[in-house]
Every structure is written in C-alpha cells, then in structure tokens.
Amino acid sequence: MMGTSHAATGVLAGSAVGVLCDAGLLVTLMCAAIGAGAALLPDLDEPGSTVGRSLGRVTELVSTGLRDLSRRVYLRTATEWEAADPKDGGHRHLTHTVPACLVFGLVAAALAFVPLGAALLVFAMSALGLGTVARSLRRWSTRRKRKRVALLIAAAFGAGMLLAGDSGPAPWLVGLTVSTGALTHVLGDWLTRSGVPLAWPFRVRGKRWWMFSSPLAFHTGKSPVETGIRVGALLCSPVVMVLGVPLPPVA
C-alpha cells in the first residue's frame with residue numbers, strides 16, 4: 001500500500017486503541033496521531049520511503065542500517081529451499097514481521113518513560129503520520145498549508161504530552177499504539193500482491209520467509225480498493241471516537 005493509505009489506516013487503528021483502552025478524548029486523539037506515524041515504521045527498511053526520508057540523513061542512515069540488517073537476518077534464517085533461490089531480503093522482510101511490530105512498540109514504550117522522550121515521540125509520530133495523511137487531502141487547500149496544519153497539530157500534541165504529565169498516554173499505551181499501527185501496516189501490505197512474511201520465524205511449506213498475500217490481493221497504488229480503504233479509514237476514525245469515547249461528566 002502507499003504511504004498515505006498506511007497512515008490513514010493507522011489513524012483508525014490508533015483511534016480504536018484509545019477507545020478500547022477507555023482513554024479520554026484528548027488521549028484518544030493522540031493515539032490516532034501516533035498510530036498514523038507508527039503505520040509507516042515498517043517501511044524504515046527502504047531509504048526512499050516516506051519514513052525513510054522523513055528526517056533527512058538521520059532516517060536515511062537508519063533505513064540503510066535496517067535494510068542491511070534485514071538482508072543479514074534473511075540469509076541467516078533462510079531454509080535450504082530459500083537458499084537454493086535466495087531473494088534480496090531487504091524491503092518487506094524483517095521489518096514487516098509480527099516480532100518487528102512488537103519491537104517497535106517496546107522501543108516506543110521505553111522512550112515514553114522519559115518525559116522529554118515521550119513528547120518528542122508523540123510529536124515525531126504525529127508529524128510523520130498526519131503530514132502523510134495531509135498529502136492525500138488534495139481538495140483541502142494547498143499542499144503547503146496542509147503540511148503546516150499537520151505540523152501545528154503535531155506540535156500541539158507534543159507540547160500537550162510534555163505538559164500533561166500523568167494525564168497523557170501512559171508508556172504502555174504509547175507502545176501498544178505503535179505496535180498496533182505497525183501491525184496495521186503489515187496487514188495492509190498483506191492485501192497487496194507482493195505479500196508479507198506473516199509467519200516468520202516459523203516454517204511454512206519449507207520456507208521461513210513465505211510471503212502471504214490476500215486471496216483478493218491488489219496492486220499497490222493502482223486499485224480503487226486501496227482508495228476505498230484509505231477514505232473509509234479516515235471517515236470511520238471520527239465515528240469510532242464519537243461512539244466510543246466517554247463524554248466528560250457534567251458539573
């Protein structure tokens with residue numbers, strides 16, 4: 001799926017996490033923004049991706065390192081069947097596994113234990129995710145204005161996290177939201193024809209890197225199904241919040 005579609009589904013996933021964890025409206029909104037950014041994290045194995053270019057040289061180096069790590073892990077864990085016809089093992093391999101999604105969440109939770117780290121994490125995930133979503137809203141003003149609005153919202157969430165203290169999302173909730181957003185990305189790519197190694201590190205038909213794909217798989221960026229998923233996720237997110245977030249008590 002395209003980055004804009006991943007970010008949109010991340011918004012919905014983050015909203016659902018906030019609602020299911022019985023968070024308040026502000027925390028649920030933060031979870032939605034965090035989920036949008038987290039839904040782009042698995043593509044850190046590709047330096048040319050949206051997340052790989054998000055912080056310039058910094059994320060480019062991280063992406064290059066993760067891609068190389070993915071290749072090494074692929075070669076180390078490949079079965080004899082895969083070794084006979086090896087793949088590149090870079091993009092859509094290690095970071096597109098369920099264990100990787102858990103690791104993303106654990107790292108996020110660890111950062112969220114540090115007050116400044118939590119604020120920076122919320123800002124970074126929100127800016128990345130909301131900025132990517134804004135790219136798809138072409139009918140709403142110019143692209144520059146949309147990016148500015150997304151950045152302002154992300155800055156507000158980051159500042160809110162810094163000032164909220166115990167009232168903000170707990171570290172475990174931040175970690176859960178990041179893991180859920182990353183898993184949403186993996187499941188989104190499962191819907192495409194390239195598939196993802198959902199069962200890794202377990203063997204399937206003699207392979208550890210068996211690429212699972214949906215029976216109704218589509219081409220990335222070329223299907224109205226993906227457009228429908230993106231639009232549907234953005235429309236459903238506020239509905240989930242309205243129906244699921246408890247109203248504040250009346251004084």
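The values are calculated or read from the model by the stated rules, or taken from the named source; none is laboratory data. For clarity, every value in this text was computed on a predicted model and none was experimentally measured. Don't worry about glycine lacking a Cβ; one is built from the backbone with ideal geometry, like all the others, and counts go over all protein chains shown. The accessibility values were calculated without ligands, DNA or RNA, using every heavy atom of the protein model including side chains. Shrake-Rupley method; radii C 1.70, N 1.55, O 1.52, S 1.80 Å.
Contour minus end-to-end for L216 and D85, with contour as 0.36 nm per residue of separation and end-to-end as the Cα-Cα distance?
Numbers: separation 131, 0.36 × 131 = 47.16 nm, distance 2.66 nm.
Here the answer is 44.5 nm.
Within the chain, helices built from complete DSSP H runs that reach 20 Å or longer along their own axis (Cα positions) and carry a mean Kyte-Doolittle hydropathy of 1.6 or higher are 98-112.
Which FRET efficiency, nearest 0.05, do K207 and V107 yield, Cβ-Cβ r, R0 35 Å?
Values: r = 28 Å, r/R0 = 0.81.
Approximately 0.80, to the nearest 0.05.
Computed with the Debye formula from one identical point scatterer per Cα of the range 39-178, without solvent, the log10 of I(q)/I(0) at q = 0.20 Å⁻¹ comes to -1.19.
Only helical runs count toward this figure. For the chain, summing -39,500 (n - 2.57) over DSSP H runs of n ≥ 4 and dividing by all residues gives -21000 deg cm²/dmol at 222 nm.
What FRET efficiency would be calculated for the residue pair L20, V231, taking the C-beta separation as r and a Förster radius of 25 Å, to the nearest 0.05?
Numbers: r = 23 Å, r/R0 = 0.92.
Efficiency computed from Cβ-Cβ geometry: 0.60.
Using a probe of 1.4 angstrom, how much of the accessible area of the range 57-203 is carbon and sulfur, in percent?
67
If R0 equals 30 Å, the separation of the Cβ atoms of V149 and V239 corresponds to a calculated FRET efficiency of about 0.90. What the range 193-238 shows is 61 Å² of accessible area per residue, with the surface traced by a 1.4 Å probe over protein heavy atoms. Across all C-alpha atoms in the chain, the radius of gyration and Dmax reach 18.2, 70 Å. Backbone amide hydrogens, once placed in the peptide plane, bring S223 within less than 5 Å of nothing, excluding anything fewer than 5 places away on its chain.
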